[in-house]
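Colleague: The structure follows.
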Amino acid sequence: MTFRLIFYYIYWSLRLGIPPWYYFQINAEWYNKKKGFYSKIDMDKRIPLKWRLKQSYLDKNNPPCKFPVFLKPEWGQNSNGIKRIDSRDEFLAFNHKKSKIPYIVQEVAIEMQEYEIFYIRDSDNETHCITLTITQVINHSGESYPVNSINNKQVIYQDCTLDFSLHELKKLHNHLQELPYFRIARVGLRSNSKQDLLKGMFHIIEVNLFAPFPINLLDNSISKKNKHQFIKDNMYHLVRISNTTPKEHFNRFVFFKKVIKHYQSKVEL
């Protein structure tokens, strides 16, 4: 699937005459040039308080008052480097010095259901999402607070977009409007039910801005034909939205910095 995503992105870039490297600048306004990555600490400040989980830089001198908590690299993808810590002793024993990326402490989201919301803005109408998918993350391990990721064999992804009416999708779209103008994003959140999700009763776990994978494509019940069409259509939309990033926000060498940070975040701790 990754090959097809890349192939169609380049295909539409050539067809539309939009440089393919604009892809790496799509959400350039929120890239921390000094740190060289999209910072979770920065992102936390942009999430409305009602949806925000408490998080701060890891400080061994100030252990959390409640457990469990999650320890995360300040930047990372596919849950690389994330650890669940269940006690004060585990917290104090955690060795983060091997990591070249600072660690943060994030409280757990207590809601029962986890969703991944993937969207691409409409290049012709910034208040509208041309693509919006809702994927439920289902973990079969029986753990209360698992670390879910594409590398966790206990996790499956179920595209539930079609379970939402147009009116319900509009409600969810309106919630997303309260976030900054991200051209493409995948928002991980937890809510107790579909009804609570639509009411805006949820907590955001993470916002992925750099090359967010459309996680609905991991649903094995979707046919290859439909996945192929989804990729072809949405790489067209993504190329078009890439051309809307103001050039003054462009960052040099962002791709290479991202690759470096990706491998730094995979250090075993």
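Colleague: Quick one: in segment 11-47, of everything that is of a type in the set (A, V, I, L, M) and over 14 Å from residue 240 (Cβ atoms), which residue is surrounded by the fewest Cβ atoms within 10 Å (Cβ to Cβ)?
Modeller: 41
Colleague: So, one more: Give segment 53-76 a look and list any residue that's closer than 27 Å to residue 215 by Cα and in contact with a strand residue (DSSP E or B) (Cβ under 7 Å, 6 or more places away or on another chain), or say none.
Modeller: Result: 53, 54, 55, 68, 69, 70, 71, 72, 73, 74, 75.
Colleague: Among the residues of segment 211-269, which ones are within 12 Å of residue 22 (Cα to Cα), assigned to a helix (DSSP H, G or I), open to solvent by 50 Å² or more (accessible area, probe 1.4 Å) and at pLDDT below 95?
Modeller: 247, 249, 255
Colleague: Looking at (1) surrounded by fewer than 17 Cβ atoms within 10 Å (Cβ to Cβ); (2) over 18 Å from residue 205 (Cβ atoms); (3) not basic (Lys, Arg), which is the only condition residue 113 fails?
Modeller: It fails just one condition, (2).
Colleague: How many residues, within segment 139-162, are closer than 24 Å to residue 226 by Cβ and open to solvent by 40 Å² or more (accessible area, probe 1.4 Å)?
Modeller: The total comes to 5.
Colleague: Which members of segment 189-205 meet the condition of being open to solvent by 10 Å² or more (accessible area, probe 1.4 Å), assigned to a strand (DSSP E or B) and in contact with a helix residue (DSSP H, G or I) (Cβ under 7 Å, 6 or more places away or on another chain)?
Modeller: Scanning segment 189-205 gives a single hit, 203.
Colleague: A further question follows. Can you pull out every residue in segment 169-188 that is of a type outside the set (Ser, Thr, Tyr) and not in a helix (DSSP H, G or I)?
Modeller: Selection gives 177, 178, 179, 180, 182, 183, 184, 185, 186, 187, 188.
Colleague: Does any residue of segment 116-123 turn out to be outside any strand (DSSP E or B) and either surrounded by 12 or more Cβ atoms within 10 Å (Cβ to Cβ) or without any contact (Cβ under 8 Å) to a residue 24 or more places away in the chain (or both)?
Modeller: Yes; the residues of segment 116-123 include at least one that is outside any strand (DSSP E or B) and either surrounded by 12 or more Cβ atoms within 10 Å (Cβ to Cβ) or without any contact (Cβ under 8 Å) to a residue 24 or more places away in the chain (or both).
Colleague: Would you check which residues across segment 152-168 are under 19 Å from the mean Cα position of the chain (by Cα) and either part of a helix (DSSP H, G or I) or of a type in the set (A, V, I, L, M) (or both) and list them?
Modeller: Those that are under 19 Å from the mean Cα position of the chain (by Cα) and either part of a helix (DSSP H, G or I) or of a type in the set (A, V, I, L, M) (or both): 155, 156, 161.
Colleague: Kindly indicate the residue of segment 49-69 that is aromatic (Phe, Trp, Tyr) and outside any loop (DSSP other than H, G, I, E, B) and also most open to solvent (accessible area, probe 1.4 Å) among those meeting that condition.
Modeller: Checking each candidate, the answer is 57.
The values are calculated or read from the model by the stated rules, or taken from the named source; none is laboratory data. All figures in this text were calculated on a predicted structure; none of them were measured in a lab. With ideal geometry, Cβ positions are generated from the backbone for all residues, glycine too; neighbour counts draw on all protein chains shown. Accessible surface is based on the protein model in full, side chains and every heavy atom, while ligands, DNA and RNA are left aside. Shrake-Rupley method; radii C 1.70, N 1.55, O 1.52, S 1.80 Å.
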